[in-house]
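These notes concern the structure reproduced below.
Readers should treat all values here as calculations from the given coordinates under stated rules, not as data from a laboratory. Only a predicted model underlies this, so the values are computations on that prediction, with no experimental measurement involved. Every residue, glycine among them, receives a Cβ derived from its backbone with ideal geometry; neighbour counts consider all protein chains shown.
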């Protein structure tokens, strides 16, 4: 993602009871902040993740807001300036 407010949507992601955190494997030469929302690009924010500046891939873990179990659509959105590449996301 290279411009503010750009987003990627993941459809039909199943949340289990007790999901409490997200792991994001990403790299950002500039440093960046990602926002994860449910339902759509203006849906409720469940996490805001700061990706550190650097040239190496890193995995960042962050607590998430409470999410009801079930199938959700997720939107991963770039907040503010910066550039970021995302390899994968997972929930625990």
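Please give the residues of the range 1-42, grouped as numeric ranges, whose backbone N is less than 11 Å from a label point set 7 Å along the Cα-to-Cβ vector of residue 90. Under 11 Å, as judged by backbone N against the label point of residue 90, lie 23-25 of the range 1-42. Between residue 5 and residue 66, the FRET efficiency from the beta-carbon distance, with R0 = 25 Å, is close to 0.50.
For the chain, the relative contact order works out to 48 percent when only alpha carbon pairs closer than 8 Å and six or more residues apart are counted. In terms of packing, defined here as the mean over residues of other Cβ atoms within 10 angstrom, the peptides 65-71, 44-50 line up highest first as 44-50, 65-71.
Once you treat every alpha carbon in the chain as an equal point and sum by Debye, what is log10 I(q)/I(0) at q = 0.23 Å⁻¹? Cα-only, vacuum Debye calculation for the chain: -1.17.
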